[in-house]
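Below is one structure, written out as structure tokens; the observations come after it.
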Amino acid sequence: MSVNWSTFGARAYLEEYYADVGNENLHLLQSLIRAFARIPAHSTILDFGGGPTLYSLFCAATKAASLHFSEYLERNLIEARAWLHGEPDAFDWTPFIKTVLELEGKPASASHIAQRALLTRQRTTRLLHCDASLMRPLPELPNARYDVIVSNFCTESATNSRAQWQDYMTNMVSLLKPGGRLILSTLKGATSYSVGSATFPAVYILEQDLYDMLTRLGFEPNTIEIASVPADRLSRHYQGLMMTSARQHASASTAAARA
Ligand SMILES: C[S@@+](CC[C@H](N)C(=O)[O-])C[C@H]1O[C@@H](n2cnc3c(N)ncnc32)[C@H](O)[C@@H]1O
């Protein structure tokens, strides 16, 4: 299926899904913080398909030697860059940073929020174009490999084809160093999702599909943790969210996954 990505409005998306920290976003942030708690300091971290959103960077910043943010659509990169450059009309992520600090058990005054924002800006050293359909999904850094990839609602929300989802996952995971960790959030039981008046495709997957995909890609079964939360609103055409963290086997091979 070909998707008309020109109708994906960065601001419309932010306003639809990130206008407040509701139940879904609270669980999402909780699971990201839990996952990053076990990441060693000074890791190299990639956000793959970040869209116009920056919340995973707020959770990753304290563990990052460097953070790379990647996204497919130029207009989403522009929106992300606006916040990273501190432009006055950038989206306001303050409630998300405050919640991240509270969930980490840290003080969350205005000055602590400003410090986390500054740390995030300092650690985010590259904004990159990504394309999960490519065997080298970061064309500007074709040989880059990361200790950690965080990716939220990207590979399963970019297609409704299972075969394509498998290719997208394989290509994205090829960016991990051997033994690297994937922190992944996906839609659960989705058929589509809306952005303003436009509708985008999603692959219908449940926990077992995700587990099978991760084992196929060489993630160690005993490290795969999947938590689910129901959707805030049924009108959203998905049953809920699945949040996963898993470590890839040190000898996992992308070539084997592609076979
Ligand atoms: C539902 S949005 C998720 C955005 C963000 N990560 C979040 O947490 O809200 C799906 C994202 O997939 C991106 N995308 C679409 N096609 C892609 C592709 N071929 N490779 C990588 N990302 C793609 C879109 O640009 C969009 O930002």
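Miscellaneous remarks
- In segment 48-106, the qualifying residues are those that are of a type in the set (D, E, K, R), within 11 Å of residue 127 (Cα to Cα) and part of a helix (DSSP H, G or I), and the one that is nearest to the ligand (Cβ to nearest atom) is 74.
- In segment 215-231, the residues that are at negative phi reach residues that are in a strand (DSSP E or B) and hydrophobic (A, V, I, L, M, F, W, C) with C-beta atoms within less than 6 angstrom, at least six apart or across chains, in these pairs: 219/246; 223/246; 224/246; 226/242; 227/243; 228/242; 229/241.
- Cross-chain or 6+ apart pairs with Cβ under 9 Å, segment 18-40 first and more than 24 Å from residue 196 (Cα to Cα), then basic (Lys, Arg): 35/181; 36/63; 37/63; 38/181; 39/63; 39/181; 40/63
- Filter result for the condition that a residue is among the aliphatic types (A, V, I, L, M) and either within 14 Å of the ligand (Cβ to nearest atom) or closer than 21 Å to residue 74 by Cβ (or both), over 114, 132: 132
- Just one of the listed residues (159, 125, 199) is of a type in the set (Val, Ile, Thr) and either crowded, with 19+ Cβ neighbours inside 10 Å or assigned to a helix (DSSP H, G or I) (or both), and it is 159.
- Scanning segment 7-47 for residues that are more than 11 Å from the ligand (Cβ to nearest atom), in a helix (DSSP H, G or I) and either among the polar types (S, T, N, Q) or over 18 Å from the mean Cα position of the chain (by Cα) (or both) returns 7, 12, 23, 30, 31.
A short reminder: the numbers here are calculations on the coordinates, not readings from a lab. Quick caveat, the model's predicted, so the values are computed rather than measured. For neighbour counting, all protein chains shown are included, and Cβ atoms are generated from backbone atoms with ideal geometry for every residue, glycine included.
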